[in-house]
There are 2 protein chains.
Amino acid sequence: MLVKIHDEFIDKLDFVKRDGLIPVVVQDIKTKDILMLAYANRIAIENTVKTGNAWFWSVSRNKLWMKGEESGNIQEVKDILVDCDHDSLIYLVDSNNPACHTGNRTCFHNRLYPD
Amino acid sequence: MLVKIHDEFIDKLDFVKRDGLIPVVVQDIKTKDILMLAYANRIAIENTVKTGNAWFWSVSRNKLWMKGEESGNIQEVKDILVDCDHDSLIYLVDSNNPACHTGNRTCFHNRLYPD
């Protein structure tokens, strides 16, 4: 679906507000479960658009990374949504792979108020 | 549902990583639509827990704010999910109110790749 780069749209994103990074929510396009939250810079978003796989900027490791580059749990991005302020994104992904390094389907597997 | 404060759980949250703030994804508990992304500090999360309404820290206005305090579009928080790194949250809300200042149901009403 992501067949060409819409540079003018990426140009509108607000990279200034948070030192070049934009938070990205990864959501399962089928179940609508939220799988993870990570950060992307412009190059990560461009790589996502070019390759169709989810790319991010790792703040802890200070490097670009493709989700699944080590684990194999690649996330195929079917669409990208942007919010009204152009400062956060949703990657809509089609994947049954675990998103969490713990092996869980989602990183959000804990409730603040466990029963 | 949020009847008592689990201080020990809030204590585990990583407020150091991003200068006291944690990104919060607001998700409709029924439709699972993502409505908005904002930031919360410890007091905002405590207020959310105490009142059952969604509170945040406004980075642009540099103040605490309850969602809907001006618009009336309050978001009732039914549950809070935390991710594996304890550095991002999901507020699961039960509300049919528009979340976006534009009047849209969700702030994420634009696609990076409009058809």
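The values are calculated or read from the model by the stated rules, or taken from the named source; none is laboratory data. Only a predicted model underlies this, so the values are computations on that prediction, with no experimental measurement involved. As a convention, Cβ positions derive from the backbone with ideal geometry for all residues, glycine included, and neighbour counts pool all protein chains shown. Areas reflect the complete protein model, heavy atoms only, side chains present, ligands, DNA and RNA absent. Shrake-Rupley method; radii C 1.70, N 1.55, O 1.52, S 1.80 Å.
Is at least one residue of segment B:9-30 more than 15 Å from residue B:89 (Cα to Cα), assigned to a loop (DSSP other than H, G, I, E, B) and modelled with pLDDT of 95 or more?
Within segment B:9-30 (the criterion being more than 15 Å from residue B:89 (Cα to Cα), assigned to a loop (DSSP other than H, G, I, E, B) and modelled with pLDDT of 95 or more), the answer is yes, since at least one residue qualifies.
Consider only pairs whose beta carbons are under 6 Å apart and that are at least six residues apart or on different chains; among these, list those whose first residue lies in segment B:96-115 and is closer than 26 Å to residue B:69 by Cβ and whose second residue is part of a loop (DSSP other than H, G, I, E, B) and among the charged types (D, E, K, R).
B:98/B:105; B:106/B:33; B:107/A:83; B:108/A:83
Mind checking which pairs have a first residue in segment B:21-37 that is at positive phi and a second that is open to solvent by 30 Å² or more (accessible area, probe 1.4 Å), Cβ under 6 Å, 6 or more apart or different chains?
What qualifies is B:32/A:32.
Identify the single condition in (1) over 25 Å from residue B:102 (Cβ atoms); (2) touching a His at 6+ places or on another chain (Cβ under 9 Å); (3) within 11 Å of another protein chain (Cβ to nearest Cβ) that residue A:84 does not satisfy, given that it satisfies every other one.
(1)
Got at least one residue in segment A:38-59 being part of a loop (DSSP other than H, G, I, E, B) and within 7 Å of another protein chain (Cβ to nearest Cβ)?
Checking segment A:38-59: not a single residue is part of a loop (DSSP other than H, G, I, E, B) and within 7 Å of another protein chain (Cβ to nearest Cβ).
Any idea how many residues of segment B:93-108 are more than 7 Å from every other protein chain (Cβ to nearest Cβ) and under 14 Å from residue A:81 (Cβ atoms)?
Count: 4.
Kindly provide the set of residues from segment A:77-99 that are crowded, with 19+ Cβ neighbours inside 10 Å and more than 16 Å from residue A:23 (Cβ to Cβ), ordered by number.
Listed by number, the list holds a single entry, A:95.
Any residue in segment A:66-83 that's closer than 14 Å to residue A:38 by Cα: show its pairings with residues that are charged (D, E, K, R) and outside any strand (DSSP E or B) at Cβ separation under 8 Å, as long as the two are six or more apart or on different chains.
Note: pairs meeting the criteria are A:75/A:67.
Examine segment A:3-23 for a residue that is facing chain B (nearest Cβ under 10 Å), under 24 Å from residue B:31 (Cβ atoms) and open to solvent by less than 30 Å² (accessible area, probe 1.4 Å), and state whether such a residue exists.
Checking segment A:3-23: at least one residue is facing chain B (nearest Cβ under 10 Å), under 24 Å from residue B:31 (Cβ atoms) and open to solvent by less than 30 Å² (accessible area, probe 1.4 Å).
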